[in-house]
Protein chains: 2
Amino acid sequence: VELADRLQQGDVRALSRACRVVDDRLPGHRELLSRVHARSRRGWVLGITGGAGVGKSTLTDGLVARLRQQGERVGVVAVDPSSPFHGGALLGDRIRLQRHFLDTEVFIRSLATRGAHGGLSRSAGDVVSLLRAWGAGVTLIETVGVGQDELDVCSLAHTTVVVVAPGLGDSIQAMKAGLVETADLFVVNKADREGADRAVADLEAAIDLRGGGERPLVLSTVATSGQGLGELETALLRHRDWLAGAEGQSRCREREHAALSRFIAAEAASTLVERHGAEVSALAQRVQDGALDPYAAAEELTRRLDGSASRDSG
Amino acid sequence: VELADRLQQGDVRALSRACRVVDDRLPGHRELLSRVHARSRRGWVLGITGGAGVGKSTLTDGLVARLRQQGERVGVVAVDPSSPFHGGALLGDRIRLQRHFLDTEVFIRSLATRGAHGGLSRSAGDVVSLLRAWGAGVTLIETVGVGQDELDVCSLAHTTVVVVAPGLGDSIQAMKAGLVETADLFVVNKADREGADRAVADLEAAIDLRGGGERPLVLSTVATSGQGLGELETALLRHRDWLAGAEGQSRCREREHAALSRFIAAEAASTLVERHGAEVSALAQRVQDGALDPYAAAEELTRRLDGSASRDSG
């Protein structure tokens, strides 16, 4: 449609409109996404993940400013409910971020954590597609790295930065949450605080344990003052170069394949379950009546849904 | 089987074995869960949720100690990756919790955040069933309240306590994450810290906004010193009494129905997708080749999976 064309010409108002169409599932959202899909395969996607309060937003803000200096068109998708990009912010943060809101070459979209399983990663995936179709050379995804939905959002990124801050449990949490496996780069932010050396050492030890593959760097930053941001940018751009090579391309294809498989499966499963809502509810009732256990109910539903057996049980 | 019988006689070693059978999906796990299901409908389930570092574990520890003084058999399921119940802890915490590990009337199980969507809430649900069948009068579920999986874990609880601590963004985060809707009771822990009054006021304001239904209390505690724990226990037991009444019973049935429906649907969907893994992968490949967009691929899979259309597209 016309909207898709204007979006692909880099029209920021068309992008804004497209995000609303997709978010609210307005008429034509499905066609819009199909149309932009082919155009939405360029552009680098950078994930910034870490717990609440580690300074992800300040770091993202600093990176946006630097990337803009290089002339990149930049997209930001914030899926952290406590992010200042999200409105849940101190006034000072909001004022600082304002400069990007006034820049027509930067587009910021925040997503609420809501809805069913996979809803978050689907929404984020759609917005990333729109941003890439719009022509964002870099799209930053800011996300809290807890929960499976969040990890799925991370899998949208070509390069993943895991951010921790010195102090209790943060790096331990990163290890437990499986983030060590997904990180291409670690940042210890708030590195002027006590415990920063310890946090670096903890991460290095965790990386030793993970073994195999490219060893991720551990960088230290103080995002509020800009300290270490230059090194971070350099390391990130080096990773982008690596992605353009044979090994990087192959990894991108594999990850994309896995993410697409998950998306296709989850989407089909949720449509099926929606269609058969009345049966699901009746089975739940039978479990509550004590006639079935929950696993037997799930097996019964599987039998009914699966084409191969559908003629027997109707 | 014999294991189910021994479990239902309150044998703590049988419980421990049963948890391993279920966790590792050893032979017979399905039968075990079916057998305990009927017996696992008694016992109160109490959810303790909140961000990392708010002191959930210390609060849980204090509540366990108090419930034990009342002679209750207590189960604890910790699904917070940074919880001291989980091993990711300071030595002091671990020593403090040790007393419960030595008490055969307390059983503590920690679950890693891992696996696919819904995997966490399924594992947690299974463990809660085993604990209730074992005869736990109270089962506490400790969980970080971020992400859909976590919210699903909350829905296993009859009574949900949302814990925040004074300071940046915590109560804002609780509001954004939809926790205000699910909370039966709020606790501002670390109430001896600066900003505690503000946190209480923020929560009260959020509760005003939510409107409708029973108005949840906001209590203040200092879990490390035990301050406020008596009031918390009293409020919780009052909620348990309410649950036993007509209104409470009706809410329990509704929530159980919703949770069972989600479980049955998710379980059936994941089985279907597993069975059709090769088709999913082939569709993902066609998207990567540019022959399909992801939504069209999902629709194609839905058509193939759904019984009503299975004969056309085989």
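The values are calculated or read from the model by the stated rules, or taken from the named source; none is laboratory data. Predicted model, so just to flag it, every value in this text is computed and none were measured. Please note: Cβ atoms are built from the backbone with ideal geometry, for glycine as well, and neighbour counts cover all protein chains shown. These accessible areas exclude ligands, DNA and RNA; they are computed on the full protein's heavy atoms, side chains included. Shrake-Rupley method; radii C 1.70, N 1.55, O 1.52, S 1.80 Å.
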*Given a Förster radius of 56 Å and the C-beta distance between A:Ala38 and A:Asp289 as r, what FRET efficiency does 1/(1 + (r/R0)^6) yield to the nearest 0.05?*
0.65
_Before we go on, tell me the buried accessible area for the B/A pair, both chains summed, 1.4 Å probe, in Å² to the nearest 100._
6000 Å²
*Using a 1.4 angstrom probe, figure out how much accessible area the range A:26-84 has per residue, in square angstrom, rounded to the nearest whole.*
33 Å²
*What ³J(HN,Hα) values, in whole Hz, does the Karplus curve 6.51 cos²θ - 1.76 cosθ + 1.60 give for the range A:67-72 when θ = phi - 60°, with x put for Gly and Pro?*
5, 5, 4, 7, x, 6
*For B:Ser34, inter-copy label distances in nm, listed shortest first [label point 7 Å out on the Cα-Cβ vector]*: 4.4
*Based on the Cβ-Cβ distance from B:Ser225 to A:Arg193, what FRET efficiency comes out when R0 is 22 Å, to the nearest 0.05?*
0.25
*What is the gain in length, in nm to one decimal, between A:Ala244 and A:Asp23 on full extension, counting 0.36 nm per residue of separation less the C-alpha to C-alpha distance?*
76.4 nm
*What residues qualify as long-range amide H neighbours of B:Leu217, i.e. H under 5 Å apart, gap of 5 or more or another chain, H built at 1.01 Å from N?*
B:Phe186
_Highest average packing first - A:270-278, A:221-229, A:294-302, Cβ atoms within 10 Å_ = A:294-302, A:221-229, A:270-278
*Long-range amide H contacts for B:Thr160: which residues qualify at under 5 Å (H placed 1.01 Å from N, peptide plane, sequence gap of 5 or more or a different chain)?*
B:Gly47, B:Asp184, B:Leu185
_Area of A:Leu131 that stays accessible when all protein chains are in place (1.4 Å probe, Å², to 10)_ = 0 Å²
*Averaged across the residues of B:284-297, what count of C-beta atoms belonging to other chains lies within 10 Å of each residue's C-beta?*
6
_Taking the full set of protein chains and a 1.4 angstrom probe, give the accessible area of A:Arg251 in square angstrom, rounded to the nearest 10._
50 Å²
